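A short write-up of the structure that comes next.
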Amino acid sequence: MTAALRLRSFAKINLGLEVMGQRQDGYHELRTLFQTIDLHDDIVLRPRPRGIVVRCDHPQVPLDGSNLAVRAAEALKRHGRVGGGVEITITKRVPVGGGLGGGSSNAATVLLGLDRLWRLGLGPSGLHPLARRLGADVPFFLVGGTALGLARGDEVYPLRRQVHARVLVVDPGRPVSTAAVFRRLDEGLTPRENSYTIFRFVSRDLEGENAFSVLSNDLEEAALSQAPDLRVAVERIRGILKGGGCSLAALSGSGSSCFGLFDDPRKARRALKALEASRFKVFSCRTVSLEAYRRAWSRSLGREDVGVGAGPVKERTSWRSRTSRSSRWTTRS
Ligand code: C5P
């Protein structure tokens, strides 16, 4: 039998998110800028003769058929008429209900991993229809990097311009339901008209500092009225991030996690210390570009039985080791 696959399931942040209005299918029409970061869960896929089982010791992760990773495996098994089963072991690091796409990323990771393990040869484009049925954010994780999300967020266009930055992700330790935030938004939603901010960002009209300052998250107000206890924490976090010189501080998706984007590693390090001194739980991360995401996948899927500790993305343990400042933008064709 084929050996196990050990994979990284990366988190995302939304650099910007505009809600254009309600759709007939009950979802919302979005324009969002997705970005993968190197905060990740670990997933091990072990083939078994039959049945799909999931193991995870995080108290908020369901171990039944409602787990998105299990649903992904079941959907692919049906689609590929696969006889065998799989054991999915998830080591959670990405906060649950944090707007960081943890469950969606787990589902996409299982699709990509099982596509390889079961030798179906569908690839990201062949998996896309299955991914979008599992959830609006799942297709993005088949692509990764900096990408534009349209429609429900499930039409994904990788950008030529990839964001390279340090990211501080702050977990206020309180999950927020995405569905509840969208419902709350509907109570006061006026459809957006003539908003071209994200398109201008994508079309390179906006560069440097200005590029980020115009981005906003239309879900923020709804999230904070859905979870009023978060408001004070979010204001404090944003104050520390902005005071620390970040280029963008925002709520990710429907929250509850906040993030700050930093061009300068020293500023990021100082803001990290300030947040930790205020007793916030902080993850210090880097963006994962489209190229790095693809490299990660080809490394993990290229060889089976990837050993413990072997990972697709080179991680630095300390920002101190990095002395040169890199430009925020690089263009890849
Ligand atoms: O697709 P997913 O199950 O991840 O979405 C969670 C919830 O967020 C949906 O049930 C829906 O209420 C809301 N949503 C939405 N419009 C989107 C994406 C998500 O209304 N474009």
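The values are calculated or read from the model by the stated rules, or taken from the named source; none is laboratory data. If you're wondering where the values come from, they're calculated on a predicted model, not measured in any experiment. Cβ sites come from the backbone with ideal geometry, for glycine too, and all protein chains shown count toward neighbours. Just the protein is used for accessible areas: all its heavy atoms, side chains included, with ligands, DNA and RNA removed. Shrake-Rupley method; radii C 1.70, N 1.55, O 1.52, S 1.80 Å.
If you scan region 197-227, which residues turn out to be assigned to a loop (DSSP other than H, G, I, E, B) and modelled with pLDDT of 75 or more? Before you say what the answer is, go through the steps one by one.
Within region 197-227, the subset assigned to a loop (DSSP other than H, G, I, E, B) is 203-207, 214-216, 218-219, 227.
Correct list: Ser203, Val214, Leu215, Ser216, Asp218, Leu219, Ala227.
Could you say whether any residue in region 138-153 is modelled with pLDDT of 95 or more, touching a Phe, Trp or Tyr at 6+ places or on another chain (Cβ under 8 Å), among the charged types (D, E, K, R) and within 11 Å of the ligand (Cβ to nearest atom)? Write out each step before concluding.
Of the residues in region 138-153, the ones modelled with pLDDT of 95 or more are 138-153.
Those left that are additionally touching a Phe, Trp or Tyr at 6+ places or on another chain (Cβ under 8 Å): 140-141, 143-150, 152-153.
Among the residues that remain, those that are also among the charged types (D, E, K, R) are: 152.
Now restrict to residues that are within 11 Å of the ligand (Cβ to nearest atom): 152.
Yes - at least one qualifying residue is present in region 138-153.
When Glu276 is evaluated against the numbered criteria (1) outside any loop (DSSP other than H, G, I, E, B); (2) at pLDDT 95 or above; (3) open to solvent by less than 50 Å² (accessible area, probe 1.4 Å), which criterion, by number, is the only one it fails?
With (1) outside any loop (DSSP other than H, G, I, E, B); (2) at pLDDT 95 or above; (3) open to solvent by less than 50 Å² (accessible area, probe 1.4 Å) applied to Glu276, the lone miss is (3).
Confirm whether Ser252 is at pLDDT 95 or above and touching an Asp or Glu at 6+ places or on another chain (Cβ under 7 Å). Before the answer, list the steps.
Working: at pLDDT 95 or above: yes; touching an Asp or Glu at 6+ places or on another chain (Cβ under 7 Å): no.
No; evaluated as a whole, the condition is false for this residue.
Just give me the residues in region 100-115 being more than 12 Å from the ligand (Cβ to nearest atom) and not in a helix (DSSP H, G or I), in sequence order.
Once the filter is applied, which keeps residues that are more than 12 Å from the ligand (Cβ to nearest atom) and not in a helix (DSSP H, G or I), region 100-115 yields only Leu100.
Restricted to region 120-137, and to residues that are within 10 Å of the ligand (Cβ to nearest atom) and part of a loop (DSSP other than H, G, I, E, B), which residue is farthest from Ala107 (Cα to Cα)? First the steps, then the outcome.
First, the residues of region 120-137 that are within 10 Å of the ligand (Cβ to nearest atom): 132-137.
Now drop any that are not part of a loop (DSSP other than H, G, I, E, B), which leaves 135-137.
On the way: Gly135: 9, Ala136: 11, Asp137: 10 Å.
Checked region 120-137; the qualifying residue farthest from Ala107 (Cα to Cα) is Ala136.
Within region 47-64, can you find the residues that are under 29 Å from Val170 (Cβ atoms), more than 16 Å from the ligand (Cβ to nearest atom) and among the hydrophobic types (A, V, I, L, M, F, W, C)?
Within region 47-64, Val54, Cys56, Leu63 qualify.
Is there a residue in region 65-84 that is in a loop (DSSP other than H, G, I, E, B), open to solvent by less than 20 Å² (accessible area, probe 1.4 Å) and within 16 Å of the ligand (Cβ to nearest atom)? Please lay out each step first, then the result.
To start, the set of residues in region 65-84 that are in a loop (DSSP other than H, G, I, E, B) comprises 65-67, 80-84.
Now drop any that are not open to solvent by less than 20 Å² (accessible area, probe 1.4 Å), which leaves 67.
When the remaining residues are screened for being within 16 Å of the ligand (Cβ to nearest atom), the result is 67.
Within region 65-84 (the criterion being in a loop (DSSP other than H, G, I, E, B), open to solvent by less than 20 Å² (accessible area, probe 1.4 Å) and within 16 Å of the ligand (Cβ to nearest atom)), the answer is yes, since at least one residue qualifies.
Could you check how many residues of region 13-46 are assigned to a strand (DSSP E or B) and within 12 Å of the ligand (Cβ to nearest atom)? Let's see the steps before the verdict.
Residues of region 13-46 that are assigned to a strand (DSSP E or B), as a first pass: 13-22, 28-46.
Now drop any that are not within 12 Å of the ligand (Cβ to nearest atom), which leaves 14, 17-22, 28-32.
The total comes to 12.
Of Thr109, Thr89, which residue is closer than 18 Å to Ala4 by Cβ, out of contact with any helix residue (DSSP H, G or I) (no Cβ under 9 Å at 6 or more places or on another chain), in contact (Cβ under 8 Å) with a residue 24 or more places away in the chain and not aromatic (Phe, Trp, Tyr)?
Values: Thr109 fails: out of contact with any helix residue (DSSP H, G or I) (no Cβ under 9 Å at 6 or more places or on another chain).
Sole residue among the options that is closer than 18 Å to Ala4 by Cβ, out of contact with any helix residue (DSSP H, G or I) (no Cβ under 9 Å at 6 or more places or on another chain), in contact (Cβ under 8 Å) with a residue 24 or more places away in the chain and not aromatic (Phe, Trp, Tyr): Thr89.
Here are Ala136, Ala180, Ala165: which of them is of a type in the set (Gly, Ala, Ser) and surrounded by fewer than 16 Cβ atoms within 10 Å (Cβ to Cβ)? Walk me through how you get there before you give the answer.
Working: Ala136 fails: surrounded by fewer than 16 Cβ atoms within 10 Å (Cβ to Cβ); Ala165 fails: surrounded by fewer than 16 Cβ atoms within 10 Å (Cβ to Cβ).
Of the residues listed, the single one that is of a type in the set (Gly, Ala, Ser) and surrounded by fewer than 16 Cβ atoms within 10 Å (Cβ to Cβ) is Ala180.
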